[in-house]
1. Run down the aspartates and glutamates and flag those whose C-alpha is under 18 Å from the C-alpha of K64, throwing out any fewer than 8 positions away in its chain.
2. To the nearest 20 Debye, how big is the dipole of the chain about its Cα centre, given +1 on the beta carbon of each Lys and Arg and -1 on that of each Asp and Glu?
3. Select from V136, V62, V72 the residue whose mean-square fluctuation is largest in a Gaussian network model of the chain (Cα-Cα springs shorter than 10 Å).
4. Towards the positive end of the charge dipole of the chain, with charges on Cβ (+1 Lys, Arg; -1 Asp, Glu), say which of G212, Q122, G5 has the farthest Cα.
5. Which percentage, to the nearest 5, of the DSSP beta bridges contained in the stretch 65-232 is antiparallel?
6. Can you tell me the length gained on complete extension of the stretch R205 to A71, counting 0.36 nm per residue apart and subtracting the Cα distance?
7. For A228, list long-range residues whose amide hydrogen, built 1.01 Å from N in the peptide plane, is under 5 Å from its own amide hydrogen.
8. Summing -39500 (n - 2.57) over the DSSP H runs of n ≥ 4 in the chain and dividing by its residue number, what mean residue ellipticity at 222 nm do you reach, to the nearest 500 deg cm²/dmol?
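Since every read-out is calculated from the coordinates, none of them should be taken as a lab result. Worth saying up front: this structure is predicted, and the values here are computed from it rather than measured. Ideal geometry is used to build each Cβ from the backbone, glycine not excepted, and the neighbour counts take in all protein chains shown.
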Amino acid sequence: MLTPGLVDRLSALKLHGMARALEDIHNSKASTDLDFEDRLTLMIDHEEAIRGNRSLKRRLEVAKLRFPTAAVEDVDFRHKRGLSRSSFLALARCDWIKSAYNLLLTGKTGLGKSWLACALGQRACREGLTVRYLRVPTVLDMMKAARGDGSAPRLVERLGKVQLLILDDFGIYPLDSDQRRDLMEIIEERAQRRSTIVTSQLDVRDWHRAFGDPTLADALLDRLVNSAYRLELDGESMRGDQRPPELST
């Protein structure tokens, strides 16, 4: 017999998973076959599952992934783009993030760099890690605004704490002196402490030229590249022919 008010008391303690599991156990015909420890284990398992799903939802909301449904289970290894199944699945274990290594994902447009980065970001969220996705032009605009209102140090500190920062589309636009400094500050804050994924259409050997300032480029690449894994994609675009149909007259 279910003690009156027990479910409400569990809910009041915010143990909603245990409360729901208790009701299910009570309504189950097989509940009489369970001893106390079995019932308690089921209730705790349900509570952990509820809390885990809630935490994952929050992490994904904070991550703001460009492709929120991207998942490592859906990666297409059949398309010829130089993506090694074994290397990518090793990255999907997220050990490199826990060890504060970086990942440089390069290749021409249409090869799925952003999607792959988001798939790794989603996996990191599922592993309980904090993630944030930002296009490089966006983060530089954020830094410019933060410089204006004096909040730049807090923004750099906040980005520095994210366990996996995804910087998408590096080198797509030329950088001015302020942007170079801002990007350097972000990378410096994270160097050897947190992991960063950088995607770019440019080969890594061209990043020095794209950054613009030789001195700052040396410093940034030293912090970013020397402790990084690389995925260098090459092949035909996966987007195919996306032209709209002919308009009828």
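1. Cross-link targets: E127, D141, D168, D169.
2. Once rounded to the nearest 20, the dipole reads 240 debye.
3. V62
4. G212
5. In the stretch 65-232, DSSP labels about 0 percent of beta bridges as antiparallel.
6. 45.3 nm
7. Residues meeting the criterion, in which the H sits 1.01 Å from N, are N102.
8. My calculation for the chain gives -15500 deg cm²/dmol from helical runs alone.
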